[in-house]
Number of protein chains: 4
Amino acid sequence: MKTAFIGLGGMGAPMARQLIDAGYDVIIYNRTTAKAQAFTESGARVAATPAEAAAQADVLITMLADERAVQTVLDGEDGALDALPAQGIHVGMSTVSVDFSQQLGARHSERGQYYIAAPVFGRPDAAAAKKLWIVAAGGADPLARVRPLLDAMGQGVIEVGTDPVLANTVKLAGNHMIGAMMEALGESFALVRKAGLPAEQFLDIINRLFQSPVYENYGRQIAAERFTPPGFKLHLGLKDMRLVLAAADANGTPMPLASLVHDRMLGAVSRGMGELDWSVVARLAADEAGLSQKGE
Amino acid sequence: MKTAFIGLGGMGAPMARQLIDAGYDVIIYNRTTAKAQAFTESGARVAATPAEAAAQADVLITMLADERAVQTVLDGEDGALDALPAQGIHVGMSTVSVDFSQQLGARHSERGQYYIAAPVFGRPDAAAAKKLWIVAAGGADPLARVRPLLDAMGQGVIEVGTDPVLANTVKLAGNHMIGAMMEALGESFALVRKAGLPAEQFLDIINRLFQSPVYENYGRQIAAERFTPPGFKLHLGLKDMRLVLAAADANGTPMPLASLVHDRMLGAVSRGMGELDWSVVARLAADEAGLSQKGE
Amino acid sequence: MKTAFIGLGGMGAPMARQLIDAGYDVIIYNRTTAKAQAFTESGARVAATPAEAAAQADVLITMLADERAVQTVLDGEDGALDALPAQGIHVGMSTVSVDFSQQLGARHSERGQYYIAAPVFGRPDAAAAKKLWIVAAGGADPLARVRPLLDAMGQGVIEVGTDPVLANTVKLAGNHMIGAMMEALGESFALVRKAGLPAEQFLDIINRLFQSPVYENYGRQIAAERFTPPGFKLHLGLKDMRLVLAAADANGTPMPLASLVHDRMLGAVSRGMGELDWSVVARLAADEAGLSQKGE
Amino acid sequence: MKTAFIGLGGMGAPMARQLIDAGYDVIIYNRTTAKAQAFTESGARVAATPAEAAAQADVLITMLADERAVQTVLDGEDGALDALPAQGIHVGMSTVSVDFSQQLGARHSERGQYYIAAPVFGRPDAAAAKKLWIVAAGGADPLARVRPLLDAMGQGVIEVGTDPVLANTVKLAGNHMIGAMMEALGESFALVRKAGLPAEQFLDIINRLFQSPVYENYGRQIAAERFTPPGFKLHLGLKDMRLVLAAADANGTPMPLASLVHDRMLGAVSRGMGELDWSVVARLAADEAGLSQKGE
């Protein structure tokens, strides 16, 4: 099974690495060539264009920052969409909108290709440690065929049905869960700090109560107010909250907490925090409470 | 160390039971006598009034539904406050306001008594399984003296300082964390259900991501829309959110997510859901999205 | 100056009537022909297609329910866009997104045509009474040329610059102001009603304080809970709030109150209220407070 | 009818002046004596204590900053409560909580006195121009007796029933309406400013649409970002929003918009804006959007 992998960013690079390490025959494309070259040592081939990569592949994997990037790779000059052979399977792992996923499904179908949506949960360090969770949806047959590839990239694959948009919806809802947790932590830390208790001490209690590595990791970062280097940039987080609300709007689900987190993130990006880690959103409650930043 | 235990509700009864099982000399008072009588078999004595219980005690533990109940027990007819001997320690384990806790501290101090705030995290089943987390604050000396009693009632005791209000603030912030989680789950379940995915399937993913028993337990209940019998009644949850916002208002911390959860709970109580489990608040997002109740 | 007028809905019909009454040479197109025929008696000509209408016009006015309708009229079969002569001016009076307006401007420009955005404030009765306020933006020259037409349709025209999107932004912000007022009235009415005061009595006070016909008209409707026949349908109001938030998102302005009103409307549409007057959104606060509907 | 007037702040001073100008026999008390002395020239007598003022009065008017101030005047050393003769009428014009008003009613009743709640709408300049609106509630008989006094202080008196708390609820709901308007203006100004339109130009449109002097006055101030000298201080506005939410909480009315405005104000006070005019709350939307302050 020949696999084209497009997108070697913070997430894509370690994911492609997992495939290569697992012995798959991988051809790589990345907009900036330098990143791709680094992979040649480990036996991966490098394509000069998305089309070149896709033309030789049974499976095309894309892992890019946003819809626009996916669109460019598929439809731009020397794009992958028309190059991918019939019966080829496109595994879209980027976080994209429900709408976009739906359109992709239709366009691949017109070409006799298949589309599997397989967004992931986890940050770059999780990708490098093969600790990603992958949520996949799409036709039963093509999904079964790409399943070994997915298994090679994460600690678990969760299949949620035959309609790709289900996987995208689940990914967005999952990000909403994390956004909500960050807001809750931010408010709680502000409350206890104003009462005289260090955030770290409250976090210790939260860790015992929730016993969750997600609370532990995010909580540590937020308590320490350490938002750089970013594991996931705020402007990308904002993009995701926008997609959450678009999905909610389209299917008629009011999500006031998602609106709150979105509005927080939007304001933070407007004030120049877009390149920080998205957990900086939890810092806003402290700002509003008049608490000075650590180290200031 | 003679211990008076006042309040044998859903939480108090199993907590008192733990003390008795651990071999402590416990004298019990409960407003409705029947509940207290059930304890005599295991060797506990029963007092006829709060004063009678407190008068014989080195330590007075109160575990009641709200401030009003605590006030009645302390200041009402045959109240415990003036009956507790000097050097006696009042361990207040109910969830009360920061204000109330502050006043209690002062009033005990005037009488040469001590006040330890020691609210708990956990529901009745956790109390019965000795799985409570207890957050304690107060003078170092009296806290050291009552520490064995606290250890006998939970899986862990977390000391947060010498000012009792710190423990109350932490307890309230903790409840806010749970309220936020319930709102987030409610919205996410509504979103995925409208997209065609059962809530249970999304919960399965959340459990893998968060790996938290709190998400697991609340999530199961909310996904199944099973809000009775209540582990913690909504009208008591509303009371707690009110205390969260009062603490936030007093110390100058805007908590928009706490406001959202409070407003949700207030509306649900107004519409007759006060006696259901407080996780019913997560059902409101489904209501607003036009999703019918399970089994309807 | 020959004018093509497309869209004879609740707003468009009385607006077109004003132009005819003012003596302008108007050619009309409407998707359902019956409505257009009614205008022939007053001397208007009726075109069979958007293209036929536009081809004969110096000025093309569109007043339609949403972007999709505008798009169909311009780009659909026998569409108006390519038919409008060079130097022709398209006056878009529908409430559309900032994005859409921007694209329209570019597309007209490519064809040597002009685009003026001129959305209106007011409901059908205001249109019939020539009481609309029209907010207009676009090139100085074409705007000066169509200004008499605009003057003939409203009580006042407010020019806000040469970039069409400014007019759209102002229109959306204005609708946000009205949405906010409805939410505020809904909450206040609920509060005083639960205290024992009829909504009407509170409205009387509000009218003296604000002295605003907008409060008076909306307030009367909301106090009486009379949401049918609709002056402006809720699902269109929801569409507008969606455009408000899209504009806010695109230019980086968090608008939590707009989010609140949007979420309210989204929920109400999900529960089947989309065809009622949009002021029904103010009824939701009463629902949440457990107040029964008038007449129930 | 002898009238004691207590409280010569920004509001009280011009109100007392109106009574004196109307020929009433007024005895004045103010905590800081200097302010009271200024009134002696116009024939008012000055009392040394609240008790001295009340003892000689048929009617006791209080116009103070908050509940605590009212409580001090009534119950503090040489307080007015016990000094007011039986049959005496206390007209409470301060903005106080529903709870406090209820308690006052009961306490006056125990003493054979009467209590009328008569809070006002309007700022100091309106008080000076006799343009206040006064909302009054209380027993029909005592209200009829004090009615001429109220008429002398405002442009209109609106009676809302025999239960004093109704007047307080109406006052709070009215302030909520103003708070909502400020938030809406703040968000709209931010949106249009980021799109390139000056706030003043949008305000001009809003003035034509709403035709309301309240929008005009507040809008001018907010558009100019002129928050000092304060007509009504933010920390007092926050106090009022707190009372709105307390009333809502007590009678079971969720008011998410009031929560939003409260949280905004709380944050602004925490960041040191408490002494500015309360309309500064509308500036926060601009802050969040990254807009710099005028003149910066």
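Pop out the Kirkwood hydrodynamic radius of chain B from its pairwise C-alpha distances, inverse of mean 1/r, in Å to one decimal. Please report the intermediate quantities before stating the final value.
On the way: mean 1/r = 0.0500 Å⁻¹.
Roughly 20.0 Å, rounded to one decimal.
Less than 15 Å Cβ to Cβ from B:Ile6, Lys/Arg counted +1 and Asp/Glu -1: what total charge do the surrounding residues give? All intermediate terms of the calculation are to be shown ahead of the outcome.
Details: positive: B:Lys2, B:Arg17, B:Arg31, B:Lys35, B:Arg45, B:Arg68; negative: B:Glu52, B:Asp58, B:Asp66, B:Glu67, B:Asp75, B:Glu77, B:Asp78, B:Asp82.
So the environment of B:Ile6 carries a net charge of -2.
Can you tell me, using C-alpha contacts under 8 Å and at least 6 residues apart, the relative contact order of the stretch D:168-288 as a whole percent?
Details: 135 pairs, mean separation 47.2, N = 121.
That works out to 39 percent.
Placing a label point 7 Å from Cα toward Cβ, how far apart in nm is C:Gly112 from its equivalents in the other copies, listed shortest first to one decimal?
4.6, 9.8, 10.5
State the antiparallel share, in %, of DSSP beta bridges confined to chain D, rounding to the nearest 5. Mind showing how you got there, number by number?
Values: 4 of 27 bridges.
Antiparallel: roughly 15 percent of the beta bridges in chain D.
Distances longer than 21 Å among the Cα atoms of the stretch C:168-288: what percent of all pairs is that?
Values: 2667 of 7260 pairs.
Roughly 37 percent, once rounded to a whole number.
Mind checking which chain C residue has its Cβ closest to the axis relating C to A, and how many whole Å off it is?
Nearest residue, distance rounded to whole Å: C:Ser259, 2.
Nearest 10 degrees, 0 to 90: what angle lies between the long axis of helix D:199-210 and the longest principal axis of chain D (Cα atoms)?
On a 0 to 90 degree scale, this one is about 60.
Which of B:Lys239/D:Lys239; C:Lys294/D:Lys130; B:Lys239/C:Lys294 have a Cα-Cα distance over 27 Å? Please report the intermediate quantities before stating the final value.
Numbers: B:Lys239/D:Lys239 21 Å; C:Lys294/D:Lys130 38 Å; B:Lys239/C:Lys294 30 Å.
Cα-Cα > 27 Å for C:Lys294/D:Lys130; B:Lys239/C:Lys294; rest within.
Starting from the Cα of C:Asn207, step 7 Å along the direction of its Cβ; do the same at C:Ala34; then give the gap between the two resulting points in nm.
Distance between label points: 3.7 nm.
How far apart are the B:Ala48 label points across copies, placing each 7 Å from Cα toward Cβ, in nm, shortest first?
Ordered by increasing distance: 5.6, 10.2, 10.4 nm.
If one takes the longest principal axis of the Cα atoms in chain A, at what angle in degrees, from 0 to 90 and to the nearest 10, does the Cα axis of helix A:234-251 lie?
Its long axis makes an angle of about 80 degrees.
With everything on Cα atoms, drop me the angle between helix A:98-110 and the longest principal axis of chain A, reported from 0 to 90° to the nearest 10.
For helix A:98-110, the angle is close to 0 degrees.
Using Cβ counts within 10 Å as a stand-in for footprinting exposure, how do D:Met11, B:Met273, C:Met63, D:Met255 rank, fewest first?
On the way: D:Met11 24, B:Met273 21, C:Met63 27, D:Met255 32.
Ranking D:Met11, B:Met273, C:Met63, D:Met255 by Cβ neighbours within 10 Å, fewest first, gives B:Met273, D:Met11, C:Met63, D:Met255.
Find the relative contact order for chain D and round it to a whole percent, using C-alpha pairs within less than 8 Å whose residues are 6+ positions apart.
Working: 537 pairs, mean separation 40.4, N = 296.
In percent, rounded to a whole number, it is 14.
Can you sort D:Arg264, C:Arg107 by how many other beta carbons sit within 10 Å, fewest first? Each step should come with its number before you reach the end.
On the way: D:Arg264 28, C:Arg107 15.
Starting with the residue having the fewest Cβ neighbours, the order is C:Arg107, D:Arg264.
Please compute the Kirkwood hydrodynamic radius of the protein assembly as shown from all pairs of different C-alpha atoms, in Å with one decimal. All intermediate terms of the calculation are to be shown ahead of the outcome.
Numbers: mean 1/r = 0.0303 Å⁻¹.
It is 33.0 Å.
Label position 7 Å from Cα toward Cβ: report the copy-to-copy distances for D:Arg147 in nm, one decimal, ordered from shortest.
Ordered by distance, the counterparts are at 5.5, 7.2, 8.4 nm.
Rule-based calculations on the coordinates, nothing more; no lab input. Treat the numbers as computed from the prediction; the structure is a model and nothing was measured. Neighbour counts run over all protein chains shown; Cβ positions are idealised from the backbone, glycine included.
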